[in-house]
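S.K.: Below are the structure tokens for one structure; questions will follow.
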Amino acid sequence: MLRNKANKHLGIEVDPELHGKLHHIAKYEGRSANGQILYLIRQCIQAFEKEHGEIDLTDKE
């Protein structure tokens, strides 16, 4: 898979137990760990915007 150079990189540190459990859930749901994290981020944003309205990113980067 080719990387999109416009995408941002996000590096995080997690403890080994959390890392292992994330991989377990991701595999169970048919995703990679990265895909699972992206899925969870999207779910969080969707819930936030449902409650607070769409986030306007103009002039914020």
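The values are calculated or read from the model by the stated rules, or taken from the named source; none is laboratory data. Please read all numbers here as calculations on a predicted model, not as lab measurements. Here the Cβ positions follow ideal geometry from the backbone for every residue, glycine too, while neighbour counts run over all protein chains shown. Areas reflect the complete protein model, heavy atoms only, side chains present, ligands, DNA and RNA absent. Shrake-Rupley method; radii C 1.70, N 1.55, O 1.52, S 1.80 Å.
S.K.: What ranking do 5-13, 48-56, 24-32 get when scored by the average of other Cβ atoms within 10 Å per residue, highest first?
M.R.: Numbers: 5-13: 5.8, 48-56: 8.9, 24-32: 12.0.
In descending order of packing, they fall as 24-32, 48-56, 5-13.
S.K.: Quick check of the Kirkwood formula: for the chain, what is the inverse mean of 1/r over all pairs of different Cα atoms, in Å? Each step should come with its number before you reach the end.
M.R.: Working: mean 1/r = 0.0718 Å⁻¹.
Computed over the chain, the radius equals 13.9 Å.
S.K.: Further question: Give the angle, between 0 and 90 degrees and rounded to the nearest 10, that separates the Cα long axis of helix 33-52 from the longest principal axis of the Cα atoms of the chain.
M.R.: The angle comes out at about 30 degrees.
S.K.: Something else now. Return the carbon/sulfur percentage of the accessible area of the chain, one whole number, probe 1.4 Å, all protein chains in place.
M.R.: Values: 3510 of 6300 Å².
Carbon and sulfur: 56 percent of the exposed surface of the chain.
S.K.: Considering only lysines 8 or more places apart in sequence, or on different chains, count the pairs in the chain whose C-alpha atoms sit under 25 Å apart.
M.R.: Details: K5/K60; K8/K21; K8/K27; K8/K50; K8/K60; K50/K60.
The number of close lysine pairs in the chain is 6.
S.K.: If I stretch the segment between A33 and A6 completely, what's the gain in nm (0.36 nm per residue apart, minus their alpha carbon distance), one decimal? Display every interim value, and only then the final one.
M.R.: Values: separation 27, 0.36 × 27 = 9.72 nm, distance 2.09 nm.
Length difference between fully extended and current span is 7.6 nm.
S.K.: 7 Å from Cα along Cα→Cβ at both E54 and I41: what's the point-to-point distance in nm?
M.R.: Modelled inter-label distance: 2.0 nm.
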